[in-house]
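First the structure, in the form of structure tokens, and then the observations on it.
The values are calculated or read from the model by the stated rules, or taken from the named source; none is laboratory data. No experiment lies behind these values; they were computed from the predicted model shown. Quick reminder, even Gly has a Cβ in these numbers, built from the backbone with ideal geometry, and neighbours come from all protein chains shown. The area values use the complete protein model at the heavy-atom level, side chains included, leaving out ligands, DNA and RNA. Shrake-Rupley method; radii C 1.70, N 1.55, O 1.52, S 1.80 Å.
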Amino acid sequence: MPLVAGVDSSTQSCKVVVRDAETGALVRQGRAPHPDGTEVDPRAWWDALLTAVDAAGGLADVAAVSVAGQQHGMVCLDAAGQVVRPALLWNDTRSAEAARELIEEAGGDATGRRFWAGATGSVPVASFTATKLRWLARHEPANADRVAAVCLPHDWLTWRLAGAPGLDALRTDRGDASGTGYWSPRTGEYRLDLLDRAFGRRLQVPAVLGPAEPAGVLDPAVLGGRAGDVLLGPGTGDNAAAALGVGAGPGDVVVSIGTSGTVFAVADAPAADAAGAVAGFADATGRYLPLVCTLNAARVLDAAAALLRVGLDEVAELALAVPPGADGLVMVPYLEGERTPNRPLATGSVHGLTLSNATAGHLARAAVEGMLCALADGLDALIAQGATADRVILVGGGARSAAVRRIAPQVFGCPVVVPPPGEYVADGAARQAAWVALGGATPPPWTLGATERYAAEAVPAIRERYAQARDRIVDRPGVVTGP
Ligand SMILES: Nc1ncnc2c1ncn2[C@@H]1O[C@H](COP(=O)(O)OP(=O)(O)O)[C@@H](O)[C@H]1O
Ligand SMILES: O=C(CO)[C@@H](O)[C@H](O)COP(=O)(O)O
């Protein structure tokens, strides 16, 4: 019974699962929190990983371990392999102007968008690593001068697990490489000319591994000498890992409600949406992962809970006691700015307030519906790019909300399936590790436990009212957007 481990180093925390490689049965798990903020010293992720591994009973008895991580984060290393500055995360919007510049420089708005979608599968927004590199070159030239290599959170953690054996040993995979803005899912090659264009000079980047190709072996020294000859999987981005963890197949659209809200499907051909809503990523099995990402998901519910001074379960109870549409109260949930649509400076707003709907329950319902409507817009965009949504598989911390589970089919207009509560990103990483350990042309056929199915009549009025409110937002005060 070989064991394998999967790590999910996501925005809010690090989770580790240890599973049976052949059956996928959960053996043990652990977790540790990450610091808050949109720039984080990667060493904090490393400390959290060590704590979470410890809580999961260590890695001494596993055959392989894979790390999945939040996508896009810019980890800059100097020639000695030291971190140059805190990593800018996927939800840091300071490079929005750099994204605009990169599009403009590629021929102006429409031509530039087509260029980037054709070259990298995605139109740059502030989330992408390439835009962060441009920001660094412009705003922190002294730091930029010291950078020798750039990699992503999961690449860096895998490299540290290998003992950080020099920059040449950096490795990544197709899934995470596809979120950099300088790798093409269509050709499977880096576009280092675009990295040069963004940063102003060439940097070392990780070699891109195949889906079950080992990235090396775990350095026994890094875990207190307890680990033996443990293979390191290539790892991947957290959304690609979630697709692997839930075993998404044809007709499935996965909606993940974590810090980010994501809507994605596994596809046989790469996407290239010049409108920019759908990012044309690669997946972790050799296929593709068209994906829409919002900046505002589970934390909208956290904010509602804080505002109403109740817990998350009470937010759900309050929301479910109010009729669909919240009697006209609408929340546009752009609390962190927004990425889809590309409104990095946007703020949230509440519309349609009347004496009769000015209650805690209506606000709770409007928060859940608004967050889901933003994701439903993403679902439309994904379908417009060729995805089929026979059902939605709902995962992420926000899927633990009873209100989210029950309101989602009303907003999405299709049945929603919720797997048993679990860590599907870490599970996907573990399944990849099992693939590396056991070999074979496809990942081992692990099965999900009993899923819950939620079906309800679609309530189009919820989305119609939201669409009226969606563009009536104000930007952050005091922010200068122009030159
Ligand atoms: N019962 C619940 N109801 C609503 N939200 C929840 C519940 N439990 C956890 N969450 C939310 O899930 C979020 C974390 O989800 P997770 O998928 O782990 O995020 P990430 O992968 O981005 O770190 C938190 O914002 C938390 O408030
Ligand atoms: O930027 C994206 C996808 O493009 C995000 O989905 C990040 O990958 C962060 O994920 P979570 O920590 O919210 O799971």
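Assorted remarks:
- Criterion (assigned to a loop (DSSP other than H, G, I, E, B) and over 30 Å from Arg146 (Cβ atoms)) met by exactly one of Ala60, Ala64: Ala60
- If you filter segment 228-242 down to residues that are open to solvent by 10 Å² or more (accessible area, probe 1.4 Å) and either touching a residue at least 60 places away in the same chain (Cβ under 8 Å) or not in a loop (DSSP other than H, G, I, E, B) (or both), you find that the one that is farthest from ligand 1 (Cβ to nearest atom) is Gly228.
- Take the conditions (1) in contact with a strand residue (DSSP E or B) (Cβ under 6 Å, 6 or more places away or on another chain); (2) among the hydrophobic types (A, V, I, L, M, F, W, C); (3) under 30 Å from Leu59 (Cα atoms); Leu448 misses just one of them, which is (1).
- Each residue in segment 58-86 was checked for being on the phi < 0 side of the Ramachandran plot and either open to solvent by 10 Å² or more (accessible area, probe 1.4 Å) or more than 22 Å from the chain's Cα centre (by Cα) (or both), and 16 pass.
- For Thr359: the one exception among (1) in contact (Cβ under 8 Å) with a residue 40 or more places away in the chain; (2) of a type in the set (Val, Ile, Thr); (3) out of contact with any strand residue (DSSP E or B) (no Cβ under 9 Å at 6 or more places or on another chain): (1)
- The residues of segment 245-264 that are within 14 Å of ligand 2 (Cβ to nearest atom) and either assigned to a loop (DSSP other than H, G, I, E, B) or under 23 Å from Pro443 (Cβ atoms) (or both), listed by number, are Gly245, Val246, Val254, Val255, Ser256, Gly258, Thr259, Ser260, Thr262, Val263, Phe264.
- The single condition among (1) open to solvent by 20 Å² or more (accessible area, probe 1.4 Å); (2) within 30 Å of Gly361 (Cα to Cα) that Ile393 does not meet is (1).
- Of the residues Thr11, Thr23, the single one that is more than 16 Å from ligand 1 (Cβ to nearest atom), among the polar types (S, T, N, Q), open to solvent by 10 Å² or more (accessible area, probe 1.4 Å) and within 22 Å of Tyr424 (Cα to Cα) is Thr23.
- Of all residues making up segment 320-361, the number that are within 16 Å of ligand 1 (Cβ to nearest atom), open to solvent by less than 60 Å² (accessible area, probe 1.4 Å), hydrophobic (A, V, I, L, M, F, W, C) and within 25 Å of Ala277 (Cα to Cα): 1
- Where Asp155 falls short, out of the listed (1) open to solvent by 10 Å² or more (accessible area, probe 1.4 Å); (2) among the charged types (D, E, K, R); (3) touching a strand residue (DSSP E or B) at 6+ places or on another chain (Cβ under 8 Å): (1)
- Qualifying positions in segment 249-265 - touching an Asp or Glu at 6+ places or on another chain (Cβ under 9 Å), open to solvent by less than 30 Å² (accessible area, probe 1.4 Å) and away from ligand 1 (no atom under 15 Å from the Cβ): Gly251, Asp252, Val253, Ala265
- Odd one out for Ala305 among (1) open to solvent by less than 40 Å² (accessible area, probe 1.4 Å); (2) touching a residue at least 12 places away in the same chain (Cβ under 8 Å): (2)
- Among the conditions (1) on the phi > 0 side of the Ramachandran plot; (2) surrounded by fewer than 24 Cβ atoms within 10 Å (Cβ to Cβ), the only one that Gly181 does not satisfy is (2).
- Only one of the numbered conditions (1) under 30 Å from Ala99 (Cβ atoms); (2) over 20 Å from the mean Cα position of the chain (by Cα) is violated by Glu336, and that is (2).
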